[in-house]
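Since the structure comes first, as structure tokens, the remarks are kept for the end.
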Amino acid sequence: MTENVCHPTARIVLGATLRKQLSETSGRWWSSAIHVLTAIFGLLSPLFLSRLVDSAPSNKLGAYAGRYAPFLILGLMALHFQNSLVSSLGNRIRQAQTEGTLELSLSSPTPLRLLVLSLFAPDFFSGIARLLLYFSLGVLLFHLHLSAVNAPALFAVLALGTLTFFSLSLGGAALTMLLRRTDPLSFFLTVSSLVSGGVLYPRSVLPPSLALLGRLIPIAPLAEGVRASVIDGKNVIELASPLLQLLVTCAVMMPLGLLAFGYALRRARMDGSLST
Amino acid sequence: MMALLEARSVTKIFHPAPRWRELLLFKRSQPVVALSGVDLTLEPGQIFALMGKNGAGKSTFLRLCSGVLLPSSGTLDVDGVSTAADMSRLGRLVGTMAADERGLHLNLSPQEFLAYVAALYGHARKAAVAVASDQLSRVGLAAVAARPIGELSTGMRRRLQLARALLGAPKLLLLDEPLRGIDPGSAEDLRQMLIDLTAAGTAILLATHDLEEARRLCDRVVLVECGRFSEFAPEHVREQFLRVVHD
């Protein structure tokens with residue numbers, strides 16, 4: 001009989017989860033290929049739209065007048081990064097509930113925080129892969145020049161964005177456990193981000209009520225920070241405003257997300273709904 | 001001897017989610033009493049069988065013991081650890097085999113699946129692979145170690161679930177109809193394995209409908225009737241069980 005003396009560490013658990021994920025997806029390579037093709041073909045409409053807009057530059061684009069193509073691809077990149085991270089835990093938990101694997105994972109000696117991180121990790125890496133794809137397509141098709149990129153500023157924006165989206169993902173997972181449905185939070189965020197987040201157009205064109213909504217959702221400082229660090233090469237100090245906004249959102253949402261997740265888990269243990 | 005599992009006055013009441021009709025009429029859905037005032041003590045090395053009609057509360061009690069379900073009232077302790085505590089604390093103590101075949105990653109092979117589970121028990125990569133191989137040999141699945149789980153038969157999947165339950169060398173095994181779907185030869189091997197485990201001090205609580213299995217394997221049999229427990233010696237279980245089933 002195996003002696004029970006080992007302790008699950010982050011390295012062991014995350015490594016095993018990523019290997020499991022790779023094994024599962026390698027058996028469905030065509031599914032991954034379809035995802036990549038969908039991402040590429042999904043950018044065709046924005047590509048032609050950006051060419052149309054750039055052919056007659058508008059002053060409403062402000063500093064990005066005549067540079068709508070890189071503005072758009074970086075906005076879309078921020079949106080997809082947000083979507084894949086915010087929906088991560090909700091989707092993974094729902095899948096594990098229906099497959100019956102959630103109860104078994106939770107009743108292993110791995111601490112809950114590590115299990116949650118291991119659920120989030122595959123989507124984080126897939127989000128990073130998608131960022132790289134968007135950067136590559138941006139350079140190839142959207143006149144994105146990487147010569148001005150301020151890497152530390154970009155890293156800071158993406159790191160804070162990841163923490164913020166992780167905290168929102170915890171809230172989404174809590175809703176998934178409570179409602180036993182795919183979480184509505186990521187749907188709300190996607191829609192509000194598209195309308196008010198400054199993804200497709202600058203927030204300055206919005207009426208005041210929608211502009212206010214845009215100031216509350218985290219995609220706005222993320223997109224602003226990514227564009228400023230990549231296109232304008234601004235440094236961390238020059239990006240203080242969006243970084244602070246992301247930091248405050250994260251500081252508010254992280255404890256709320258953790259509390260909501262803990263409450264939902266206890267409620268699911270009470271209802272017996274961890275596997276339904 | 002100190003009890004390994006101690007259940008005191010455990011009651012479990014489910015409150016089903018209200019349907020639209022009930023919501024519109026401001027009615028509450030009827031609560032379902034699954035277990036009522038249950039007491040049970042299990043010592044190391046003992047095997048108890050839970051028997052009863054479908055829906056009697058056997059699986060609910062097993063899930064309460066594993067901590068995935070919380071009692072409405074009463075307490076359950078495994079080796080002094082409350083099941084209401086953080087589930088990862090119970091992970092070292094309890095191994096669970098559910099009644100259905102869910103909980104398996106169907107796109108993985110048994111080797112990959114058990115290596116992943118071994119990592120959740122803290123085994124580093126090479127050790128996890130070795131532990132997975134050992135467990136597969138133990139339950140007679142070494143020959144199909146590399147095949148996708150989705151392609152395995154029901155009996156093979158049940159054996160894989162048993163291997164998963166045994167992986168952490170638990171002090172308490174919770175088995176829900178463990179030999180269902182397993183061929184007679186393999187079932188005999190697995191019965192012997194359970195007897196060997198109890199000889200080594202593992203306590204086993206198993207839910208079963210098989211009178212013969214309960215009579216041959218178990219120290220005591222608990223009949224579950226409408227959420228209440230009554231204990232019998234295995235030699236007296238037949239007439240009691242038939243009474244419950246026919247009532």
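Within the group A:Ala63, A:Ala78, A:Ala159, which residue is of a type in the set (A, V, I, L, M), part of a helix (DSSP H, G or I), at pLDDT 95 or above and surrounded by fewer than 23 Cβ atoms within 10 Å (Cβ to Cβ)?
It is A:Ala159.
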(request) Kindly indicate which of A:Leu144, A:Leu189, A:Leu160, A:Leu175 is farther than 17 Å from A:Gly75 by Cα and touching a Pro at 6+ places or on another chain (Cβ under 9 Å). (result) A:Leu175
(request) Take the stretch A:259-276 and flag every residue that is part of a helix (DSSP H, G or I) and touching a helix residue (DSSP H, G or I) at 6+ places or on another chain (Cβ under 6 Å). (result) A:Ala260, A:Phe261, A:Ala264, A:Ala268
(message) I'm trying to understand the selection: among the residues of the stretch B:106-122, which are under 14 Å from A:Arg19 (Cα atoms), part of a loop (DSSP other than H, G, I, E, B) and open to solvent by less than 20 Å² (accessible area, probe 1.4 Å)?
(response) B:Leu108, B:Ser109
(request) Working only within the stretch B:31-76, note down all residues that are of a type in the set (D, E, K, R) and within 12 Å of the chain's Cα centre (by Cα). (result) B:Lys58, B:Arg63
(request) Of the conditions (1) farther than 30 Å from A:Val53 by Cβ; (2) assigned to a loop (DSSP other than H, G, I, E, B); (3) open to solvent by less than 40 Å² (accessible area, probe 1.4 Å), A:Leu170 clears all except one; give me its number. (result) (2)
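Of these, A:Glu24, A:Glu99, which one is open to solvent by 20 Å² or more (accessible area, probe 1.4 Å), under 25 Å from A:Leu185 (Cβ atoms) and within 14 Å of chain B (Cβ to nearest Cβ)?
After ruling out the rest, the residue left standing is A:Glu99.
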(request) Could you grab the pairs with beta carbons closer than 6 Å, sequence gap of 6+ or different chains, first residue in the stretch B:228-247 and within 26 Å of B:Val33 (Cα to Cα), second one open to solvent by less than 60 Å² (accessible area, probe 1.4 Å) and at pLDDT below 75? (result) B:Phe232/B:Gln240
(message) What pairs come out if I take residues in the stretch A:41-60 that are more than 13 Å from A:Leu200 (Cα to Cα) and pair them with residues that are among the aromatic types (Phe, Trp, Tyr) and surrounded by 14 or more Cβ atoms within 10 Å (Cβ to Cβ) whose C-beta lies under 6 Å away, six or more apart or interchain?
(response) A:Asp54/A:Tyr68
(message) Considering only residues that are within 16 Å of B:Lys171 (Cβ to Cβ), in contact with a helix residue (DSSP H, G or I) (Cβ under 8 Å, 6 or more places away or on another chain) and in a strand (DSSP E or B), which ones fall in the stretch B:184-232?
(response) B:Ile204, B:Leu205, B:Leu206
(message) Consider the stretch B:130-144. How many of its residues are more than 14 Å from B:Leu104 (Cβ to Cβ) and not in a helix (DSSP H, G or I)?
(response) 1
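The values are calculated or read from the model by the stated rules, or taken from the named source; none is laboratory data. Predicted, not measured: the structure shown is a model, and the values here were computed from it. Neighbour counts run over all protein chains shown; Cβ positions are idealised from the backbone, glycine included. Only protein heavy atoms, including side chains, enter the accessible area calculation; ligands, DNA and RNA are left aside. Shrake-Rupley method; radii C 1.70, N 1.55, O 1.52, S 1.80 Å.
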